[in-house]
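Notes to accompany the following structure.
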Amino acid sequence: MKTYHKSNRCKLFWVALLGLMVATGCGSGKKTGPSAEGGEHESSVIRLTPEQVEANGLVLGKPQEYLFSRDVTASGYLEALPRNYHAISVVLGGTISELNLLPGDRISRGQFLFRISNPELLQIQEDYLTSTALLALHQDEYERQKLLASENVTAQKVFVKAESELKTTAARVQALENRLTLLHIDKEQLKNGRMVSSVAVTAPISGFVTRVDAGNGQYASPDTKILEIVETSPLLISLQVFEKDILHVREGQVVRFRVPEATPGILEARITKTGKVLNENRMVNVHAVFKPGSELRLLPGMFVKASIITQSFQAMALPQEAIIPGDGFSYVLVKTNPGQDSWVLEKAKVTTGYQDQKMTEILPESKLSLSDNVVVGGAFSMAHF
């Protein structure tokens, strides 16, 4: 009797175990049911009602051929071009007068800056008038001695002396004329007897006064810097590029940059010069020229953040918001029922490549075409499906 009951208990145990295994196997099959947001999904397929689409803010778009740019990051400062910077000094020392400029004043080329006075100016003008008179005298004597020498009336050494005096006087007159030109003294007015004791100093370029280092009544020697003038258009962008990046940089490449303190958007320039040596920080100087519009108030010395475009290529791309990171892979959501109010979205694996600030490259091995309708807005809200 005991043996019989024990046998029945064993049979019941094995029947219960078999039933549990069957129930477990059935429960592990594919589930179909409502999601946390009310949508229905089957593994890689998501079904959404119009209300769910609107609630999640989903937006459709298509992959596009996009021009990517590989770049090198650099930073630096704005500078004035060497030809657009002038330190104003005087050729002949003297006392400054009529200097009424302040930093920030706009100056045009040839505009009066200040006046310089020196008694030596009168001596230079006197020497010029005397030398020009002697030149005329020596010219006549030379012509006379030349004629006499040709007829063997006078000794050859007398002719040679007349020729030497003519050349010496002509050289002195030429030197004095050059000094008068540097001093901006009109030779024709001087020949008419109009001598001056002061000369006007004018601007050699157009630009802005950036410094005034002297004042009225002060004596200025030729090595005294009285003021500075800088033209701010075009400007030179002086960048520092790391050693590892310099081999990718060359003249003619586009530089996209911004000045954080002054420009809300991105500006463009082109590289004109690249340095040939490394500095103490293992970096190379790279220069680009930029011509700002009148609406921009850019000044030499402002800090610049830049990207040098070293390579451009075109490829299929999607906005970064369309790419959903998965477990070891990325995917996008493709709408497979065009024209319907309800959306059927299918998860499509993609292989991504280069990425810039807006777009991500979709490599050819991805099963995606330019005609596919892809969720490009609100895709991350679907990541939990």
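Tabulated results
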{"item": "Selected residue (criterion: farthest from residue 165 (Cα to Cα)) from residues of the stretch 106-119 that are exposed (fewer than 12 other Cβ atoms within 10 Å of the Cβ) and not hydroxyl-bearing (Ser, Thr, Tyr)", "result": "106"}
{"item": "Within the stretch 349-362, considering residues that are touching a residue at least 24 places away in the same chain (Cβ under 8 Å) and under 20 Å from residue 381 (Cα atoms), the one surrounded by the fewest Cβ atoms within 10 Å (Cβ to Cβ)", "result": "358"}
{"item": "Those residues of the stretch 251-283 which are among the basic types (Lys, Arg) and within 13 Å of residue 236 (Cα to Cα), in sequence order", "result": "270, 273"}
{"item": "Options 188, 251: the member that is acidic (Asp, Glu) and in the same structural domain as residue 132 (by TED's automatic domain parsing)", "result": "188"}
{"item": "Strands (runs of 3 or more DSSP E) contained in the stretch 340-384 and holding at least 1 residues charged (D, E, K, R)", "result": "343-350, 359-362"}
{"item": "Where residue 278 falls short, out of the listed (1) farther than 26 Å from residue 357 by Cα; (2) surrounded by 15 or more Cβ atoms within 10 Å (Cβ to Cβ)", "result": "(2)"}
{"item": "Test: residue in the stretch 151-159 that is under 27 Å from residue 89 (Cβ atoms) and outside any helix (DSSP H, G or I)", "result": "no"}
{"item": "Flag if residue 311 is surrounded by fewer than 17 Cβ atoms within 10 Å (Cβ to Cβ), at pLDDT below 90 and not in a strand (DSSP E or B)", "result": "no"}
{"item": "Selection status of residue 256, over 18 Å from residue 79 (Cβ atoms) and in a strand (DSSP E or B)", "result": "yes"}
{"item": "Residues of the stretch 366-385 that turn out to be over 11 Å from residue 332 (Cα atoms) and at pLDDT below 90, as a count", "result": "4"}
{"item": "Test result for residue 98, modelled with pLDDT of 90 or more and either among the basic types (Lys, Arg) or closer than 26 Å to residue 212 by Cβ (or both)", "result": "yes"}
{"item": "So residue 202, is it in contact with an Asp or Glu (Cβ under 6 Å, 6 or more places away or on another chain) and either basic (Lys, Arg) or in the same structural domain as residue 102 (by TED's automatic domain parsing) (or both)", "result": "no"}
{"item": "Unique match (being of a type in the set (Asp, Glu) and surrounded by fewer than 17 Cβ atoms within 10 Å (Cβ to Cβ)) among 143, 228", "result": "143"}
{"item": "Search result, residues across the stretch 62-105 that are of a type in the set (Val, Ile, Thr) and surrounded by fewer than 18 Cβ atoms within 10 Å (Cβ to Cβ)", "result": "73, 91, 95"}
{"item": "Residue within the stretch 191-204 that is surrounded by 12 or more Cβ atoms within 10 Å (Cβ to Cβ) and part of a helix (DSSP H, G or I) present", "result": "no"}
{"item": "Tabulated pairs, the stretch 365-379, first within 14 Å of residue 319 (Cα to Cα), second part of a loop (DSSP other than H, G, I, E, B) and hydrophobic (A, V, I, L, M, F, W, C), C-beta under 8 angstrom, 6+ apart or interchain", "result": "374/368; 375/58; 377/58; 378/58; 379/58; 379/323"}
{"item": "Condition met for residue 297 (free of Cβ contacts under 8 Å to residues at least 60 places away in the same chain and either surrounded by fewer than 16 Cβ atoms within 10 Å (Cβ to Cβ) or closer than 30 Å to residue 112 by Cβ (or both))", "result": "yes"}
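Listed here are the residues, each with its yes/no results for (1) modelled with pLDDT of 90 or more; (2) out of contact with any Leu (no Cβ under 6 Å at 6 or more places or on another chain); (3) surrounded by fewer than 16 Cβ atoms within 10 Å (Cβ to Cβ); (4) not hydroxyl-bearing (Ser, Thr, Tyr).
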| position | (1), (2), (3), (4) |
| --- | --- |
| 263 | no, yes, no, no |
| 274 | yes, yes, no, no |
| 283 | yes, yes, no, yes |
| 286 | yes, no, no, yes |
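The values are calculated or read from the model by the stated rules, or taken from the named source; none is laboratory data. Note that the coordinates shown come from a computational prediction; the quantities given were computed from them, not determined experimentally. Cβ atoms come from the backbone with ideal geometry, glycine included; neighbour counts cover every protein chain shown.
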